[in-house]
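First up is the structure itself, then whatever we jot down about it.
The values are calculated or read from the model by the stated rules, or taken from the named source; none is laboratory data. On a predicted model such as this, the values are computed, not experimentally measured, just so you know. Because the Cβ atoms are built from the backbone with ideal geometry, glycine has one as well, and the counts that use them run over all protein chains shown. Heavy atoms of the whole protein, side chains included, go into the accessibility calculation; ligands, DNA and RNA do not. Shrake-Rupley method; radii C 1.70, N 1.55, O 1.52, S 1.80 Å.
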Amino acid sequence: MFRSVTNSVRWYSLLISVAVVACSPNKNVEETTVMEEKEVVYQSKPFTTGNEFTSGIEGPAVDREGNLYVVNFEKGGTIGKVTPEGKVSLFVTLPEGSTGNGIRFTSKGEMLIADYTGHNVLRVDMATQEISVYAHHEGLNQPNDLAIMDNDIVFASDPNWKESTGQIWRVGLDGKFVLLESGMGTTNGIEVSPDNRTLYVNESVQRTVWAYDLSEAGELSNKRLIHQFDDFGMDGMRVDTDGNLYVTRHGKGTVAKLSPDGDLLEEITVSGKKPSNIAFGGPDGKTAYVTLQDNGNIDWFRVEKPGRSFGR
């Protein structure tokens, strides 16, 4: 009964609105449109509240079915799976000595995990849950976060937290690490633009966001500073289909939305002070999931454009 009354009121209001517009001397009937109720965006809310993940919560990445994968479920060295409804369970336990950080999916649907204690990028067969070493190099400080091109060339940030320095590595289709740049600040968040022509990297301690021109073969050139924050650190970041960057502000408790050129467009407050990373999912790719190290939980909020990796 309540539903039918509510619908009647809505239709009555709609008819009045259309009549007013149609009778207006400044409007043509052909120009009459019905405005739909606008969706609320950039308002963050808790998605999980059970503290299922450790303070090392990171990752996150969404598969083609809309499931979210996050590292360190209940203990280190694990990957948790969160359904679109928010049900959390253990997905896989990594080999002894391995601890996951950033997660990405290849064009084939395989999961890649930055294993920072094992100096690996691990690969998970999603059907069999078999785990293998995709790439390994002893020269890394710790592979931290991952970015991936449409052709499956992978990039890894590689910070040295003790020295406040960092590096960028590429992993080609041959599964081999190639050092692209050293002597940087604490490289952390890393992402590829929707057209695969730009690589973005941030430096947490230095609070800088850099952009590079990116070739089809994964070569970098034309390094340029696009944004520098005045306070607090940064962690993971992702882009939407318009190329806007969503950067987690670790310590500030926000996610900053930057334009492709680095202009600050929005700043979204989350429910904790230590957001560590972000991914996009939901039915249309417009739901942002943010991992929070304060309490081992995940926030979510809606955005205007789908994430670049949605449906990959």
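Just a few scattered comments:
- For region 167-221, GluC sites (Glu not before Pro) are listed when DSSP marks them as loop and at most 16 other Cβ atoms sit within 10 Å of their Cβ; the list is Glu216, Glu219.
- Here region 213-282 is assigned +1 on the Cβ of each Lys and Arg and -1 on the Cβ of each Asp and Glu. Its dipole about the Cα centre then comes out at about 400 debye.
- In this entry, region 152-199 is assigned a mean projected area of 3.6 nm², taken as a quarter of its C-alpha convex hull surface.
- Additional length obtainable on full extension of the chain from Asp230 to Asp63, 0.36 nm per residue less Cα span: 56.6 nm
- Note on Kirkwood radius over Cα pairs in Å: of the candidates [x] 20.9; [y] 22.9; [z] 20.4, the value calculated from this structure sits at [z].
- Efficiency of FRET from Cβ geometry, Leu265 and Asp174, R₀ 35 Å, rounded to 0.05: 0.35
- Around the amide H of Phe91, modelled in the peptide plane, lie the amide H atoms of Ile79, Gly80, Lys81, all under 5 Å away and 5 or more residues distant in sequence or on another chain.
- Peptide packing for 162-174, 288-300 was compared via the average number of neighbouring C-beta atoms within 10 Å per residue; ordered from the highest value, the list is 288-300, 162-174.
- Surrounding net charge for Lys87, when Lys and Arg each add one and Asp and Glu each subtract one, Cβ distance under 11 Å: -1
- Based on the reciprocal of the average 1/r between different C-alpha atoms, the Kirkwood radius for region 35-159 equals 15.3 Å.
- Hydrodynamic estimate: the Kirkwood radius of region 195-312 over Cα pairs, inserted into Stokes-Einstein at 20 °C and 1.002 mPa s, corresponds to D of 148 µm²/s.
- Structural descriptor for the chain: relative contact order 15 percent, calculated from alpha carbon pairs under 8 angstrom and at least 6 residues apart.
- Under the convention that each Lys and Arg Cβ holds +1 and each Asp and Glu Cβ holds -1, the size of the dipole of the chain around its Cα centre is about 660 debye.
- Percentage relative contact order, region 170-216, counting C-alpha pairs under 8 Å, at least six apart: 27
- Ordering of 144-150, 126-132 by burial proxy (mean other Cβ atoms within 10 Å per residue, highest first): 144-150, 126-132
- Relative counts (whole %) of C-alpha pair distances in region 170-222, using bins that are 5 Å wide: 4, 18, 27, 28, 16, 6, 1
- GNM top mover of Val201, Val41, Val239 - the chain, alpha-carbon springs below 10 Å: Val41
- Segment Ser164..Val40, full-extension length gain: 40.7 nm, with 0.36 nm per residue of separation and the alpha-carbon distance subtracted.
- The Lys273 and Glu96 beta-carbon pair, evaluated with R₀ = 41 Å, returns a calculated FRET efficiency of approximately 0.80.
- Rounded to whole numbers, the Karplus 3J(HN,Hα) couplings from phi for region 212-227 are 10, 5, 10, 8, 4, 8, x, 8, 9, 7, 6, 5, 8, 7, 10, 7 Hz, using 6.51 cos²θ - 1.76 cosθ + 1.60 with θ = phi - 60°, and x at Gly and Pro.
- Computed over region 180-256, the P(r) curve from all C-alpha pair distances, binned at 10 Å from the origin, holds 20, 54, 24, 2 percent per bin.
- Accessible area (Å², per residue) of the chain, counting only protein heavy atoms and a probe of 1.4 Å: 47
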